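Peer 1: What follows is a structure written as C-alpha cells; I'll ask about it next.
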Amino acid sequence: MLPGFIGRVPVYDRALNLFAYELRPCSLTVENDTASEAKLQKLWQSLRLERLTGGRPGLVPFTPALEAQLQAHAWQKEAVIITLPGELLDRYPKETLQRWTEEGYMLAVRHDRYDATLAADLEFARLWAMDASHLEEFIPHLDALHRHGLELLVRDIETRQQYDRAFDAGCDYFQGHYFECPRFIHGTQLPANRLAVLHLIARLNDPDIRIEEVETLVSQDMTLSYKLLRLINSAFYGLPKQVDSIRRAVVFLGLDRIRHWAIVIAVNAIDYKPREPLVTALVRAQTCARIAARLGRSDVEACYIAGLFSLLDAIMDAPMTEILANLSLAEEIEQALLYGAGPIGPVLQTVLQLENGLCHKIPLPDLDLSQAMSAYLEAIEEAEAVRRVLEDQNNGGTA
C-alpha cells in the first residue's frame, strides 16, 4: 500500500521537448512534521521512481525523507534531480551538496529571489528553479547564471506573455498550466485538417457504432489502419499471435479499446507541440477509468473519455466549446470538460488535482489515496508503452 500520492507535471526544454517531470507528493491529512516525514519516507521507499517518470529524470523536492532515500542508493542517480528549496541551503554544508553531485545526482535550487552570492557558490548545481511571477527579477542576471553553469527553469507559467518573455530572455526550461491551454496559433477557427480529425473522432466515439463501421472507418485511411495494427501488435499487449485485421483485434481486446486507440492515433497525426499533452491525456483517461471502477461506478467508459479529451483544446489549439460542438458527446462528459461539473466532473477534477499534488483539493474526499496511486502508476505504465509505439511510428520505425 502506497501511503500517499505523487503527481507528475512535465518540464519542457526550449524546443518544447520533454526534459523531465516535476514530482509533487501530497497526502489528505494535515500532520505534524515528524508524522508527515515518516509517511513521505515510506512513500519514497515504496516507489520505483522509473515507474512514475517513465525513465525520464524526476525533479524530486528535497526533505529529510528524501535524504534517507538518497543514502540508501535506492534509485538510479541519473533519474533524480534533487530540488532543494533556497531556505534549506544553509542547513547543509557545501561539501554535502557537492558529494551528491559527485555521486551522480543532479542538483536544482528552487529560490524565487536572485542572490548573486548564492549563484556564485552553486557551481556544482545544474538548475535554478523560480516562479514565473518573479521572472523580471532574474532576467537581468541570466547571463551571470549561465556563466556560473546554471540553467534557469521557469515554473508555473500561466500565460503566453510569461512564456514569450521567458523564452526571448533565454531561459532554459519551462513548466506550467499554459502548456495545457490552446494558444490559438491558427486563430480561433479550426483548420480543415483538424476538423476532419474531429469528425473521425466523433464517429469512432459513437457508443452505438458497430464493428463493421469501425473497420470501414479505419480501412479508409491506410496510415491509420497500419499504425493501429502496429500498436495492437506491440509487445505491451503480448497477444498470442500477430493480428492482421481490425476484426481480429476486437476479438482480443474488445471494441471499446480498439476505438480508443484509433482515436489516439488520429490525434497523434496532428502537427502540434509540445507532444506531451497526448500522453498526459492518456494517463488521465486511464486513471479516471480505474478510479471509477474502484468506486464501483457504472460510467467507467464516460470517465475514460472525459480524461482522454481533457486536453483536446490544447492539442487542437481551439476553444473546448468549438471542439465539443463537433463531437456530440454525452452531456455529462461535456459538463465535466467545460465546468468540472456533473456526475463525471468530480472524478476528472480529482485526477487533475492529484496530478498537481493537491490532495487537499480533491472533490472525492473518501477516495483511498493508495488505490488512486496504484491506478495512476498503472495508467502511466500503459501510457508510456503507447508513447514508445507512437514515437517509433513518428520516427518511421518498423514493428
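Each reported figure results from applying straightforward, stated rules to the coordinates on display, with no laboratory input. Computed from a predicted model, the values in this text were never measured in an experiment. Here Cβ is always computed from backbone atoms with ideal geometry, including for glycine, and neighbour counts include all displayed protein chains.
Peer 1: Apply the Kirkwood formula to region 51-126: the hydrodynamic radius equals the inverse of the mean of 1/r over all pairs of different alpha-carbon atoms; give it in Å with one decimal.
Peer 2: 12.9 Å
Peer 1: If you restrict to DSSP beta bridges whose two residues both lie in the chain, what percentage is antiparallel, to the nearest 5?
Peer 2: Antiparallel bridges make up about 30 percent of those DSSP assigns within the chain.
Peer 1: What's the center-to-center distance, using Cα atoms, between region 333-399 and region 185-249 in Å?
Peer 2: Cα centroid to Cα centroid, the span is 22 Å.
Peer 1: Quick one: plug the Kirkwood hydrodynamic radius of region 233-295 (C-alpha pairs) into Stokes-Einstein at 37 °C, 0.692 mPa s, and report D in µm²/s.
Peer 2: Answer from the Stokes-Einstein relation: 242 µm²/s.
Peer 1: In what order do Val9, Val243, Val267 fall by count of nearby beta-carbon atoms within 10 Å, going from fewest to most?
Peer 2: The most exposed by this proxy come first: Val243, Val9, Val267.
Peer 1: If you rank Phe5, Phe184 by fewest surrounding Cβ atoms within 10 Å, what's the result?
Peer 2: Going from least to most buried by this count: Phe184, Phe5.
Peer 1: Which of Met106, Met320, Met222 moves most in a GNM of the chain, Cα contacts under 10 Å?
Peer 2: Its mean-square fluctuation being the largest, the pick is Met222.
Peer 1: Taking amide H positions as placed in the peptide plane 1.01 Å from N, state which residues far from Met106 in sequence (5 or more) or on other chains have amide H under 5 Å from it.
Peer 2: Hits under the 5 Å cutoff: Val80, Ile82.
Peer 1: With +1 on each Lys and Arg Cβ and -1 on each Asp and Glu Cβ, and nothing else charged, work out how big the dipole of region 5-180 is about its Cα centre, in Debye to the nearest 20.
Peer 2: Computed charge dipole of region 5-180: roughly 660 debye.
Peer 1: So in region 5-180, what percent of DSSP beta bridges are antiparallel if you round to the nearest 5?
Peer 2: About 30 percent, rounded to the nearest 5.
Peer 1: Mind checking Rg over Rh on the chain, alpha carbons, Kirkwood formula for Rh?
Peer 2: That ratio equals 0.98.
Peer 1: Another question about this same structure. In the chain, if the dipole is taken from +1 on Lys/Arg beta carbons and -1 on Asp/Glu beta carbons about the Cα centre, which of Asn395, Asn356, His111 is farthest to the positive end?
Peer 2: Checked the options; the winner is Asn395.
Peer 1: Hey, how much of the P(r) for region 241-394 falls beyond 29 Å, as a percent of Cα pairs?
Peer 2: In whole percent, the share of Cα-Cα pairs in region 241-394 beyond 29 Å is 16.
Peer 1: Counting only Cα atoms, I'd like the Rg/Rh figure for region 5-180, Kirkwood definition for Rh.
Peer 2: 0.96
Peer 1: Averaged over every viewing direction, what's the projected area of the C-alpha convex hull for region 171-243? Give it in nm², one decimal, please.
Peer 2: Average projection, Cα convex hull of region 171-243: 8.8 nm².
Peer 1: So for Cys171, Cys26, fewest C-beta neighbours within 10 Å to most, what's the order?
Peer 2: Ranking Cys171, Cys26 by Cβ neighbours within 10 Å, fewest first, gives Cys26, Cys171.
Peer 1: Further question on the same structure: Taking 0.36 nm per intervening residue step and subtracting the Cα-Cα distance, what contour gain separates His199 from Asp244 on full extension?
Peer 2: This chain segment gains 13.6 nm when fully extended.
Peer 1: Here's another thing I want to ask about it. Which value does Rg/Rh take for region 161-295 over its C-alpha atoms, Rh per Kirkwood?
Peer 2: Taking Rg over the Kirkwood Rh, I get 1.04.
Peer 1: A further question on this structure: Of all trypsin sites (Lys or Arg not before Pro) in region 135-198, which ones are in loop regions per DSSP and have a Cβ with at most 11 other Cβ atoms within 10 Å?
Peer 2: Here no trypsin sites (Lys or Arg not before Pro) fit, given the DSSP loop and packing criteria.
Peer 1: May I ask you to compute the full-extension gain from Leu253 to Ile139, defined as 0.36 nm times their residue separation minus their alpha-carbon distance, rounded to one decimal in nm?
Peer 2: 35.8 nm
Peer 1: Sort all Cα-Cα distances of region 260-346 into consecutive 10 angstrom bins from zero, then give the percent of pairs in each bin up to the one containing the longest distance.
Peer 2: 18, 52, 27, 3
Peer 1: So, in nm, how far is label Leu338 from label Ala192 when the simple model puts each one 7 Å beyond its Cα toward the Cβ?
Peer 2: Reported label-point gap for Leu338 and Ala192 is 2.9 nm.
Peer 1: Could you check the simple spin-label distance between Arg14 and Asp208, using points 7 Å along Cα→Cβ, in nm with one decimal?
Peer 2: 5.5 nm
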